[in-house]
Amino acid sequence: MRWKRFIIILTLTIAGVLCYHFPFCQNQQFASDCLLCHEKVYKGRISSLYIHIPFDQKKCGKCHLEEEITKEGNDTYQNIIPKSVILRQPDYLTEHTILLKNLNSQATYDINVNFKDQSGNTARQEFRGIVPGKLQNVKKDDKRSPKISKVKAWPPVQRVFLETLITWETDEPSTSLVEYGLSDRYGQKSAEDGIFMKNHRACIFKLKKGTDYHFRVKSRDIFGNGAISDDYTFNTSKISSVSDNGQIDADNVNVRNSAIEKVNIFLAASDLGLFLKTSAPSRVIIEYKKVKEPVKVEKPHILSVTDDKKRCAGLAVGKRLTIDSCYQCHPPVALGVSHPVGVPTKKTTTIPDDLPTLKGGIITCVTCHDSHGTNFKYFARKKVTRDICNTCHKGY
């Protein structure tokens with residue numbers, strides 16, 4: 001009995017060690033594969049006072065690798081199938097303008113568009129093999145702000161909170177936002193509706209009864225050109241019934257079967273756009289998926305690695321590496337006010353050789369911050385932030 005007990009305990013111990021150690025070995029092997037070519041980069045930064053956590057943990061793929069990682073003869077690399085991305089437009093509209101952001105311009109995508117009208121009828125449009133960078137229909141930024149008209153504040157309604165509906169129109173598809181308050185300084189605002197439309201509706205709530213309110217509306221087109229209306233006022237002394245202010249009835253007029261009238265795909269800056277038109281108001285669900293990576297991956301000069309004996313399949317480059325990868329952990333909404341990135345340098349600005357940029361002088365996050373580590377706070381490339389500013393903007 002003792003020898004059987006000994007064998008059982010020994011077997012369980014070995015199994016536990018293997019279960020714990022195998023993933024660790026995988027991570028170590030993955031890091032070792034990267035360091036075969038980039039050992040100098042690792043040794044040059046690992047002794048820094050401030051080290052980027054993924055770099056310190058040898059998790060190179062956190063920033064450098066995209067979804068699909070493959071390598072023959074090495075089980076550490078697995079084929080990861082990209083998941084579909086689903087966008088839902090909940091409003092019933094006859095026209096939808098939708099932007100698909102952060103796509104690889106040279107990759108291939110499949111797109112499915114599903115329509116559903118107010119009667120429950122459905123329709124579907126499929127697109128196969130779409131390469132954004134090869135589209136002939138390219139929208140150019142006209143630098144013109146949308147024109148705002150027909151601004152109206154509907155009578156307030158008492159629901160859970162006292163609320164009112166603000167409506168307006170624009171001459172081109174734009175976003176919707178309302179600023180409001182007790183004076184023309186406002187102080188409050190509605191959540192910005194990122195759906196691009198011409199007929200706008202925004203609800204503001206938690207209002208006080210018997211109070212005068214100031215408000216104005218804002219809209220941005222697909223290129224970010226913004227417009228702001230004049231100042232308007234409304235009063236909450238008279239409370240309306242739900243049926244009097246159009247907030248419900250506006251969604252239930254002209255209900256009929258919907259048919260797809262027009263579907264147009266275009267390129268707007270670096271985003272893929274879809275213009276969808278139906279004969280009756282419909283909701284839209286868009287599902288898209290990357291089905292093929294670019295055949296040729298161009299290596300931008302921003303990479304400081306000179307010992308490039310091997311190239312990993314799925315290596316992130318350009319904007320995806322130097323901006324999008326950073327935004328995964330440090331989104332703009334969390335960063336607050338910062339230097340703009342993804343923009344070219346101005347004629348009055350000189351970028352020195354020790355501050356890297358993308359081809360064409362495009363400024364990125366790593367222009368000022370070393371993504372591996374430095375001896376300065378915030379991984380700055382120079383001791384004082386002002387020193388970086390002075391190198392590019394003389395007399396800052």
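The values are calculated or read from the model by the stated rules, or taken from the named source; none is laboratory data. Small disclaimer: the values here were computed from a predicted structure and weren't measured. Positions of Cβ are backbone-derived with ideal geometry, glycine not excepted, and every protein chain shown enters the neighbour counts.
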Can you pull out the strands (runs of 3 or more DSSP E) entirely within region 142-234 that have at least 2 residues that are assigned by TED's automatic domain parsing to the domain that holds LYS101 and in contact with a Phe, Trp or Tyr (Cβ under 9 Å, 6 or more places away or on another chain)?
-> 148-153, 162-181, 193-204, 212-220
Please go through region 107-137 and pick out each residue that is farther than 21 Å from THR278 by Cα, surrounded by 12 or more Cβ atoms within 10 Å (Cβ to Cβ) and touching a strand residue (DSSP E or B) at 6+ places or on another chain (Cβ under 7 Å).
-> ALA107, THR108, TYR109, ASP110, ILE130, VAL131, PRO132, LEU135
Unmet requirement for ALA334, which otherwise passes all of (1) surrounded by fewer than 10 Cβ atoms within 10 Å (Cβ to Cβ); (2) outside any loop (DSSP other than H, G, I, E, B); (3) at pLDDT 75 or above = (3)
For region 127-140 the number of residues that are touching an Asp or Glu at 6+ places or on another chain (Cβ under 9 Å) and outside any strand (DSSP E or B) is 1
Among the residues of region 84-103, write down those that are in a loop (DSSP other than H, G, I, E, B) and either free of Cβ contacts under 8 Å to residues at least 40 places away in the same chain or buried (at least 19 other Cβ atoms within 10 Å of the Cβ) (or both).
-> LEU103
